[in-house]
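Each remark here refers to the structure printed beneath this line.
Every number in this text was worked out from the coordinates using simple rules, so none of it is lab data. Note that the structure is a prediction, hence the values are computed from the model and not measured. In this analysis, Cβ positions are derived from the backbone assuming ideal geometry, glycine residues included, and neighbour counts consider all displayed protein chains.
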Amino acid sequence: MFAGMFAEDGTIVSETGARRQESRDGDPAKRIDSYLSAHFGGRQEMIQMYGLLQDKVFAHSPVEDVIVGTDGYLFYGDTVGDYCGTGILTGRELFNIARTLELMQEAVESQGARFAFTVAPNKNSLYDYMPYNYVKYRGQSNLELLAGRFQNVNYIDLFPVFRERQDVLYYKTDTHWNDRGAYYAFDRVLRVLGKEHEDYEKLDHTEAYTHTGDLERMLYPLAKNNELQIIYDKPASFRTLTNTRSFEQTYIETENDMASGSLVMFRDSFANNLIPYFSDAYKYAVYDKAVPYDLTEMNVYDADTVIVEIAERNIKLIQEYQPVFAAPVRESISGEPVKDLTEKLDVEEYEGWQRITGVVNASYMSEDSRIFVRTDGVEREMTPQKIGDSAYGFCGYVDVALSPDAAVIVETNGEVWEETA
């Protein structure tokens with residue numbers, strides 16, 4: 001939270017003029033209906049009373065997505081798979097994610113920019129106040145397994161940042177890190193990238209109980225501010241170029257005449273309180289929560305840095321996001337013709353590209369098989385993705401139509417097969 005960042009009515013002061021704008025529902029009837037639905041008959045009050053009864057008397061959450069921990073901690077239900085080890089990824093799924101990030105980094109670096117991938121830890125991966133009936137998994141987590149597969153990914157590990165400090169850097173009643181935790185994550189990323197930035201810990205600050213946790217609001221709709229926030233004594237030097245009322249919005253652009261460099265960050269809600277820090281460090285910044293990740297956004301302000309930030313619980317989804325970038329051209333490769341290599345193949349128009357997606361017959365695949373498509377005599381590597389229920393899917397973007405002799409090619413353990421598309 002930064003001084004000077006908010007107007008008196010709580011909205012963020014912003015400019016209009018970016019290529020994407022957030023739409024707002026201006027229908028008064030809909031706003032009235034929404035209010036009545038939420039307040040008629042004391043609905044919120046009843047939900048609040050029921051939540052308090054379940055939590056305080058029975059130590060149980062009435063909301064499926066909220067887990068009531070010990071010492072006042074609340075946890076997001078979607079993190080249970082990581083905590084208990086019930087959602088461990090297969091070897092092929094780990095390959096899909098790692099190779100997807102490698103190909104994204106290759107695409108970014110081919111344009112002379114830097115790439116970084118970082119993960120916001122689940123709160124219960126750092127602070128174990130989970131109820132006794134949830135047994136913590138002692139094996140390697142999905143993130144640890146994934147990190148062990150990185151060969152050409154600039155992965156910035158944030159776990160040491162939090163584990164080295166005795167103070168808790170996440171909100172008790174929220175899914176996310178607090179403002180100070182966000183600062184340490186920001187500081188770690190920019191130190192690795194070698195970019196100069198403000199040392200906020202040297203600044204004066206005030207403390208105020210001005211935050212209501214998202215998990216708290218799920219349990220108690222009428223909950224008041226009860227979490228401590230740090231407010232650094234530094235006026236924001238950036239302005240938003242999009243019509244921005246909240247950092248929750250999907251697409252945001254910022255400008256700071258006092259800084260240098262240009263950033264594109266593909267992010268989730270953990271970056272909400274990263275945005276002020278990064279916007280203070282970069283002349284231009286683009287923050288996008290939408291998928292697929294669209295690397296062509298680098299062209300908006302000629303970005304010199306691309307960062308992918310994602311919550312630990314969501315890393316499995318990277319193999320489903322079908323990121324947008326030109327499928328890289330590879331050396332000529334050909335294989336033995338077969339007729340049952342592909343189970344599915346689709347080509348569709350996507351924002352000026354030909355998007356190719358498909359699924360390969362598992363009998364031709366191994367854990368680390370690479371997939372290519374040939375068209376007009378040129379082979380391009382596809383991004384391995386999970387398509388439907390199959391971990392042997394692929395996606396790629398090309399700027400030409402598939403030729404009649406187009407083929408799908410698979411390389412597995414030194415053997416190569418191909419099938420005319």
Amide H neighbours of Leu158 at under 5 Å, excluding residues fewer than 5 places away on the same chain, with H built from the backbone geometry, are Val119
Net charge contributed by nearby residues that have their C-beta within less than 9 Å of Ala421 (K/R +1, D/E -1):
-1
Could you tell me the center-to-center distance, by alpha carbons, between region 380-417 and region 140-174 in angstrom?
32
Give me the lysines in straight-line cross-link reach of Lys316: C-alpha distance below 30 Å, same-chain residues under 8 apart excluded.
Lys123, Lys136, Lys172, Lys195, Lys289, Lys344, Lys386
Would you mind pulling out the separation of the Cα centroids of region 351-370 and region 194-250, in Å?
42
Could you list which residues have their amide H under 5 Å from that of Arg114, counting only those 5 or more apart in sequence or on another chain, with H placed in the peptide plane?
Thr305, Val306
I'd like to compare 360-367, 131-138: which one has the highest average count of other Cβ atoms within 10 Å, and what's the full order after that?
360-367, 131-138
Enumerate the calculated ³J(HN,Hα) couplings along region 198-209 in order (Karplus 6.51 cos²θ - 1.76 cosθ + 1.60, θ = phi - 60°), each rounded to whole Hz, writing x wherever the residue is Gly or Pro.
5, 8, 5, 5, 8, 8, 5, 8, 10, 10, 8, 7
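Ranking Phe270, Phe150 by Cβ neighbours within 10 Å, fewest first, what do you get? Show your work: numbers first, answer last.
Numbers: Phe270 23, Phe150 15.
Listed from fewest to most nearby Cβ atoms, that is Phe150, Phe270.
How would you order 319-328, 280-289, 231-240 from highest to lowest mean count of nearby Cβ atoms within 10 Å?
280-289, 319-328, 231-240
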What are the ³J(HN,Hα) values, in whole Hz, obtained from phi via the Karplus relation 6.51 cos²θ - 1.76 cosθ + 1.60 with θ = phi - 60°, for each residue of region 171-177 in sequence order, with x given for Gly and Pro?
6, 5, 10, 10, 5, 10, 5
Region 329-420: relative contact order from alpha carbon pairs under 8 Å, six or more residues apart, as a whole percent, is 36
In the neighborhood of Ser390, defined by Cβ-to-Cβ distances under 13 Å, what is the net charge if each Lys or Arg adds +1 and each Asp or Glu adds -1?
-1
Going by Cα centres, region 303-328 and region 330-349 are how many Å apart?
24
